[in-house]
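**Q** Encoded as structure tokens, here's the structure I'll be asking about.
The values are calculated or read from the model by the stated rules, or taken from the named source; none is laboratory data. As the structure is a computational prediction, the values presented were derived from the model and not from experiment. In this analysis, Cβ positions are derived from the backbone assuming ideal geometry, glycine residues included, and neighbour counts consider all displayed protein chains. Ligands, DNA and RNA are excluded from the accessible area calculation, which covers all protein heavy atoms including side chains. Shrake-Rupley method; radii C 1.70, N 1.55, O 1.52, S 1.80 Å.
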Amino acid sequence: MRHKYKGKLPDINNNDSRMIYSLPFHGKWAVANGGVTKRTSHSWEVPTQRYAYDFIILDGDGNSFTGEETEVRSFYCYGKEILAPADGMIAEVGDGNPDSKVTKNRAVSCDARDIRGNYILIRHLDHEYSLSAHLRPGSILVSVGQSVKRGEKLAECGNSGNTTEPHLHFQVQRGKSFYSSPGLPVKFKDIIVQNTHNFGNFDDRHLNERGDQCNSPYIEVGQTVSNEI
């Protein structure tokens, strides 16, 4: 992949995307993983997921669940609506995978035949696709070839695929292939960005030092984000 791009993968300085996205959910979600720098990246050494994000919902104490933590339905984000981040056409759908197990020590597990679990890939531009993954079994409402509008419900958040707990994996990539298309930095529009109260109780690896106001179109781990409308 590096050879194809002559050693220069897409980044915030050379990415010429014309597309600006909305967050693919309602309400306030925390960025559990992701950013546009090596320090904050979801997976910097994996070019396909370099600019990916993992989103969850946290309460005021920094917890992602209430009740029995080995039950997927105990997690605040489980079953929440996942939306189209922009207008486009459904390019690929992966379905039929079960939710993976959740353990108290958050061991990574995958009970699906695909690490994405149930997923939806949308083509927005000729060389720009968004991926929403780890969707709830039986919740996908769209099919390949269908046109979708920004904000349209696509499915529900789940725990299918390679996960530690329910969350939404979201990324934008240059091509259709999950395994060979480099990830693209994602610009979001009309969003509210705040620090996450007690985020360190959930994960203290990347404590966000930025203020509540953020003029950058890029978001990063430790922030709570929501659409303005």
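**Q** Using Cα centres only, tell me the gap between region 113-152 and region 12-59 in whole Å.
**A** 16 Å
**Q** Here's something else I'd like to know. Provide the gained length on full extension for the span Glu71 to Met89, in nm with one decimal, where the gain is 0.36 nm per separating residue minus the Cα-Cα distance.
**A** That pair, Glu71 and Met89, stretches by 3.1 nm at full extension.
**Q** Continuing with the same structure: Keeping every protein chain in place, order Cys157, Cys110 by accessible area at 1.4 Å, biggest value first, i.e. largest first.
**A** Values: Cys157 0, Cys110 50 Å².
Most to least solvent-accessible, the answer reads Cys110, Cys157.
**Q** Among Ser226, Ala91, Ala30, whose Cα sits farthest toward the positive end of the charge dipole of the chain (+1 at Cβ of Lys/Arg, -1 at Cβ of Asp/Glu, about the Cα centre)?
**A** Projecting each Cα onto the dipole axis, the largest value belongs to Ala91.
**Q** Report the one residue of Asn118, Val46, Phe199 whose Cα lies farthest in the direction of the positive end of the charge dipole of the chain (charges on C-beta: Lys and Arg +1, Asp and Glu -1; origin at the Cα centre).
**A** The listed residue farthest towards the positive side: Val46.
**Q** Okay, next question. Taking loop as defined by DSSP and a crowding limit of 13 other beta carbons within 10 Å, which GluC sites (Glu not before Pro) in region 1-103 fit? Before the final figure, lay out the partial values.
**A** Numbers: sites: Glu45, Glu68, Glu69, Glu71, Glu81, Glu92; in loops: Glu45, Glu68, Glu69, Glu71.
Here the GluC sites (Glu not before Pro) that fit, given the DSSP loop and packing criteria, are Glu45, Glu68, Glu71.
**Q** Quick one: order Met19, Met89 from most to least accessible surface, probe 1.4 Å.
**A** Numbers: Met19 35, Met89 75 Å².
Order by accessible area, largest first: Met89, Met19.
**Q** Assuming R0 = 25 Å, what is the FRET efficiency of Thr37 and Asn14, from their Cβ-Cβ distance, to the nearest 0.05? Kindly include the intermediate steps, with their values, before the conclusion.
**A** Numbers: r = 15 Å, r/R0 = 0.60.
In this case the efficiency is close to 0.95.
**Q** Could you please state how large a percent of the accessible area of region 96-221 is carbon and sulfur, counting protein chains only and using a 1.4 Å probe? Don't skip to the end; give the middle numbers.
**A** Numbers: 2600 of 5690 Å².
It is 46 percent, rounded to a whole number.
**Q** Pro217: net charge of surrounding residues, Cβ under 12 Å, Lys/Arg +1, Asp/Glu -1, itself excluded?
**A** Details: positive: Lys187, Lys189; negative: Asp190, Glu220.
With Lys, Arg at +1 and Asp, Glu at -1, the net is 0.
**Q** Given a Förster distance of 22 angstrom, what is the FRET efficiency for Cys110 paired with Tyr179, based on the Cβ-Cβ distance and rounded to 0.05?
**A** Details: r = 16 Å, r/R0 = 0.71.
My answer for the efficiency is 0.90.
**Q** How much net charge surrounds Ile57 when only the other residues with a Cβ under 15 Å from the Cβ of Ile57 are counted, with Lys and Arg +1 and Asp and Glu -1? Walk me through the numbers before you get to the answer.
**A** Values: positive: Lys28, Arg73, Lys80, Arg136; negative: Asp54, Asp59, Asp61, Glu69, Glu81, Glu156, Glu165, Asp203.
Net charge around Ile57: -4.
**Q** Would you calculate a helix-derived [θ] at 222 nm for the chain, using -39,500 (n - 2.57) for each DSSP H run of n ≥ 4 and dividing by the full residue count, to the nearest 500? List each step's numbers first, then the result.
**A** Working: 1 runs with 4 residues, N = 229.
After summing the helix terms and dividing by the residues of the chain, the value is 0 deg cm²/dmol.
**Q** Moving on to the next point. Using a Gaussian network for the chain with springs between C-alpha atoms less than 10 Å apart, which of these wobbles most: Asp95, Asp204, Asp87?
**A** Highest fluctuation among the options: Asp204.
**Q** Give the shape of the chain as rounded, prolate or oblate, defined through the alpha-carbon gyration tensor: a ≥ b ≥ c are the square roots of its eigenvalues, a/c under 1.5 means rounded, and otherwise the shape is prolate if a/b is larger than b/c and oblate if not.
**A** On the way: a/c = 1.40, a/b = 1.13, b/c = 1.24.
It is rounded, given that a/c, with a ≥ b ≥ c, falls under 1.5.
**Q** Quick one: longest stretch of the chain between exposed loop chymotrypsin sites (Phe, Trp or Tyr not before Pro), exposed meaning at most 16 other C-beta atoms within 10 Å and loop per DSSP?
**A** Working: sites that count: Tyr5, Trp44, Tyr179.
No qualifying site falls inside 45-178, the longest such stretch.
**Q** Rounding to the nearest 20 debye, state how big the charge dipole of region 115-182 is about its Cα centre with +1 on each Lys and Arg Cβ and -1 on each Asp and Glu Cβ. Present the calculation step by step, with values, prior to reporting the outcome.
**A** Values: 8 positive and 5 negative charges, 26 e Å.
Dipole about the Cα centre, nearest 20: 120 debye.
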